[in-house]
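Comments concern the structure below.
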Amino acid sequence: MLRAPEFRRVRAANRSVRDEILELAWVRREPGPIRFGLVVPIRGLGAVGRNRIKRILREVFRLQRTQLPDGFDLVASPRDRVRAQDFALASASFSDLIRRFKERERLP
């Protein structure tokens, strides 16, 4: 996902789960592959920190893609920008949020 209206549509759906490290929002859409977007605020980290978080979260998504159902738009955003830069913590957080997302949507 790249366009602002797509991100606004996910936020407007008001479906999300969060923990101390990440927040994951989603919206159901037409059948098709799952789409993933990131919202990493500019303030507080600088370019290096923001890019590190984006690289880590994209890699976590790539590794866990097989656990996710098609037909959804997902948007992840860090809540704790320092801990989101740790791959192991971000991966564990994302796994837990995916489990909770599937429970809320009643998915296998």
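Look at K54 and say whether it is charged (D, E, K, R), touching a Pro at 6+ places or on another chain (Cβ under 8 Å) and assigned to a helix (DSSP H, G or I).
Values: charged (D, E, K, R): yes; touching a Pro at 6+ places or on another chain (Cβ under 8 Å): no; assigned to a helix (DSSP H, G or I): yes.
Spelling it out, it is not the case that K54 is charged (D, E, K, R), touching a Pro at 6+ places or on another chain (Cβ under 8 Å) and assigned to a helix (DSSP H, G or I).
If I ask for residues that are modelled with pLDDT of 95 or more, of a type in the set (A, V, I, L, M, F, W, C) and either exposed (fewer than 14 other Cβ atoms within 10 Å of the Cβ) or within 10 Å of the chain's Cα centre (by Cα) (or both), which ones from the range 48-101 would you list?
Those that are modelled with pLDDT of 95 or more, of a type in the set (A, V, I, L, M, F, W, C) and either exposed (fewer than 14 other Cβ atoms within 10 Å of the Cβ) or within 10 Å of the chain's Cα centre (by Cα) (or both): L57, V60, F61, L63, L74, V75, A76, A88, F94, L97, I98.
Can you give me the number of residues within the range 75-85 that are in contact (Cβ under 8 Å) with a residue 24 or more places away in the chain and either under 17 Å from V48 (Cα atoms) or part of a helix (DSSP H, G or I) (or both)? Lay out the reasoning, then the answer.
The initial filter retains those residues of the range 75-85 that are in contact (Cβ under 8 Å) with a residue 24 or more places away in the chain, namely 75-81, 83-85.
Checking which are either under 17 Å from V48 (Cα atoms) or part of a helix (DSSP H, G or I) (or both) leaves us with 77-78, 80-81, 83-85.
Summing the residues that are in contact (Cβ under 8 Å) with a residue 24 or more places away in the chain and either under 17 Å from V48 (Cα atoms) or part of a helix (DSSP H, G or I) (or both) in the range 75-85 gives 7.
Looking at the range 88-108, I want the residues that are under 13 Å from S16 (Cβ atoms) and have a partner that is assigned to a helix (DSSP H, G or I) and of a type outside the set (V, I, T) with Cβ atoms under 7 Å, at least 6 apart or on another chain. Which pairs are those?
I98/Q64; I98/Q67
Find the residue count for the range 1-40, including only residues that are touching a residue at least 24 places away in the same chain (Cβ under 8 Å) and out of contact with any strand residue (DSSP E or B) (no Cβ under 8 Å at 6 or more places or on another chain). Even if it seems obvious, please write down each step before you answer.
Within the range 1-40, the first condition is being touching a residue at least 24 places away in the same chain (Cβ under 8 Å), and the residues that meet it are 1-2, 6-7, 9-11, 15, 17-40.
Keeping just the survivors that are out of contact with any strand residue (DSSP E or B) (no Cβ under 8 Å at 6 or more places or on another chain) gives 19-20, 30-33.
Total satisfying the criteria: 6.
I'd like to know if the range 59-70 contains one or more residues that are outside any helix (DSSP H, G or I), in contact (Cβ under 8 Å) with a residue 12 or more places away in the chain and in contact with an Asp or Glu (Cβ under 6 Å, 6 or more places away or on another chain). Break it down into steps so the answer makes sense when it comes.
Going through the range 59-70, the residues outside any helix (DSSP H, G or I) turn out to be 68-70.
If we keep only those that are in contact (Cβ under 8 Å) with a residue 12 or more places away in the chain as well, we get 68-70.
If we keep only those that are in contact with an Asp or Glu (Cβ under 6 Å, 6 or more places away or on another chain) as well, we get none.
No, every residue in the range 59-70 fails to be outside any helix (DSSP H, G or I), in contact (Cβ under 8 Å) with a residue 12 or more places away in the chain and in contact with an Asp or Glu (Cβ under 6 Å, 6 or more places away or on another chain).
The values are calculated or read from the model by the stated rules, or taken from the named source; none is laboratory data. In this text the structure is predicted, and so the values were computed from the model without any measurement. Counting neighbours? That spans all protein chains shown, and the Cβs are built from the backbone with ideal geometry, glycine included.
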